[in-house]
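The values are calculated or read from the model by the stated rules, or taken from the named source; none is laboratory data. In this text, all values refer to a predicted model and were calculated from it rather than measured experimentally. Cβ: placed from backbone, ideal geometry, glycine included. Neighbour counts: every protein chain shown.
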Ligand code: NDP
């Protein structure tokens with residue numbers, strides 16, 4: 001029996017930390033987990049979960065209008081922000097309690113408070129010190145606010161869910177996941193939304209056709225999407241906030257959301273008391289086994305860089321616990337990780353973009369399809385779905401699938417299994433479609449793009 005307090009001390013009860021703690025405890029380890037904010041971390045409290053609830057809320061506005069083409073009519077539609085916000089709070093509290101119960105259920109010791117490293121085997125929370133054989137840093141990320149005068153008047157994704165007042169006019173800074181999702185949410189809820197992106201085309205890193213299609217469709221929904229534009233300053237005005245922009249214009253809004261990326265959450269962690277090293281991006285440097293330069297300190301999830309996605313952190317937490325406490329040598333397979341942007345309509349993507357595939361495989365064949373979703377033939381909504389397959393010529397393997405359209409996230413999850421299994425275009429072609437669905441288009445695209 002070790003004379004240390006715990007076998008594992010986890011810092012941060014987010015997706016990766018909780019999963020690692022629960023599994024390690026399940027393998028019989030004596031586990032402690034410290035959290036100073038809220039159980040479940042970003043995903044549960046100010047990320048994926050409340051975001052998806054707000055996406056559902058924001059879709060109703062358009063659905064009421066769509067329904068008229070199908071013969072429905074109802075009274076005047078009205079949206080109440082406080083109802084949504086407070087119902088969301090109730091649901092998140094329920095989830096916080098479930099997380100706590102799950103940890104209690106495996107006899108993990110939950111320590112409410114901010115943890116800091118004292119040395120390679122000691123963690124302090126408040127004035128108490130705890131020793132552990134292994135320490136896991138799973139502190140995640142934190143929203144980054146660009147440096148401009150008045151930036152303290154802007155909010156981030158940490159605050160935007162709980163605004164006291166609904167912003168009738170919202171300015172969104174950024175062109176990544178969070179910016180695009182919130183521009184869609186507030187636009188759908190009835191805000192007048194302006195979104196600024198500093199480069200020529202937003203959603204950098206996504207397939208070029210998806211980026212162009214997304215710009216077209218998002219503009220159609222009413223978001224004032226401005227590329228090559230950024231904020232230079234923000235000040236209070238009698239009517240709200242005035243933002244100055246790089247094109248010299250000024251715009252009055254009720255709130256500004258900075259969605260300019262996230263940084264590893266390391267403040268006050270005490271890394272300087274250990275040999276833990278950082279990468280050039282400021283994330284914690286780890287090897288394939290999640291081990292830092294300090295051999296008994298490990299790190300995983302957003303704090304280590306990589307794909308900042310809950311399912312990735314969960315997979316890493318499981319692999320870590322299995323390896324360190326279960327004697328199972330499991331690694332995380334980072335190939336073909338599917339992802340979705342819950343824009344309106346959704347973007348779903350898995351595998352290589354066209355540009356990446358060209359670099360990786362040389363000769364590729366593309367299949368593309370753009371069509372009006374069946375529902376909107378009667379609803380009258382002006383929205384187009386886009387789908388794209390990328391095939392490696394040498395092997396016929398499908399190496400990239402991209403979609404923007406209703407339920408793209410749901411559809412691409414299934415397609416990702418096919419890609420991981422090495423499906424070829426011939427496999428796609430021999431798969432019978434489900435009719436009538438949008439997804440069947442993926443198994444009926446016969447003509448390569450560019451061929452007559
Ligand atoms: P992203 O990195 O996706 O996007 C950041 C955006 O901010 C980019 O458009 C970037 O522009 C822009 N930006 C960066 N610095 C500045 C600046 N100084 N001024 C103006 N614009 C700037 O970060 P997010 O915050 O959107 O999300 C963080 C991560 O969280 C995502 O990468 C994703 O992994 C994860 N996430 C996943 C979701 C999902 O799965 N649905 C939902 C939300 C988040 P540029 O492209 O020029 O660098």
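Observations
- Scanning segment 3-28 for residues that are surrounded by 22 or more Cβ atoms within 10 Å (Cβ to Cβ) and in a loop (DSSP other than H, G, I, E, B) turns up 12, 13, 14.
The rows are residues; the columns are (1) touching a helix residue (DSSP H, G or I) at 6+ places or on another chain (Cβ under 9 Å); (2) modelled with pLDDT of 95 or more.
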residue	(1), (2)
239	no, no
242	no, yes
261	yes, yes
272	no, yes
276	no, yes
279	yes, yes
282	no, yes
287	no, yes
293	no, yes
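- Filter result (closer than 16 Å to residue 9 by Cα, under 26 Å from the mean Cα position of the chain (by Cα) and touching a residue at least 24 places away in the same chain (Cβ under 8 Å)) within segment 273-300: 290, 292, 298, 299, 300
- Number of residues in segment 239-268 that are touching a strand residue (DSSP E or B) at 6+ places or on another chain (Cβ under 7 Å), away from the ligand (no atom under 16 Å from the Cβ), more than 30 Å from residue 299 (Cβ to Cβ) and part of a loop (DSSP other than H, G, I, E, B): the value is 2.
- Qualifying residue in segment 200-216 (condition: out of contact with any helix residue (DSSP H, G or I) (no Cβ under 8 Å at 6 or more places or on another chain), within 12 Å of the ligand (Cβ to nearest atom), assigned to a helix (DSSP H, G or I) and closer than 28 Å to residue 60 by Cβ): yes
- Residues being away from the ligand (no atom under 16 Å from the Cβ) and surrounded by fewer than 20 Cβ atoms within 10 Å (Cβ to Cβ) - total across segment 295-313: 2
- Test: residue in segment 187-196 that is in a strand (DSSP E or B), closer than 30 Å to residue 322 by Cβ and away from the ligand (no atom under 15 Å from the Cβ): no
- Among (1) away from the ligand (no atom under 16 Å from the Cβ); (2) in a helix (DSSP H, G or I), the one test that residue 236 misses: (2)
- Index of the failed condition, residue 170 passing every other in (1) within 15 Å of the ligand (Cβ to nearest atom); (2) touching a residue at least 60 places away in the same chain (Cβ under 8 Å); (3) in contact with a helix residue (DSSP H, G or I) (Cβ under 6 Å, 6 or more places away or on another chain); (4) assigned to a strand (DSSP E or B): (1)
- Residues of segment 125-144 satisfying the condition of being exposed (fewer than 15 other Cβ atoms within 10 Å of the Cβ) and part of a loop (DSSP other than H, G, I, E, B): 126, 127, 144
- If you go through segment 430-445 and pick out every residue that is under 12 Å from residue 408 (Cβ atoms) and either at pLDDT below 95 or out of contact with any strand residue (DSSP E or B) (no Cβ under 8 Å at 6 or more places or on another chain) (or both), you end up with 1.
- Here is the figure for segment 38-66: residues that are outside any helix (DSSP H, G or I) and either under 14 Å from residue 341 (Cα atoms) or over 15 Å from the mean Cα position of the chain (by Cα) (or both) total 3.
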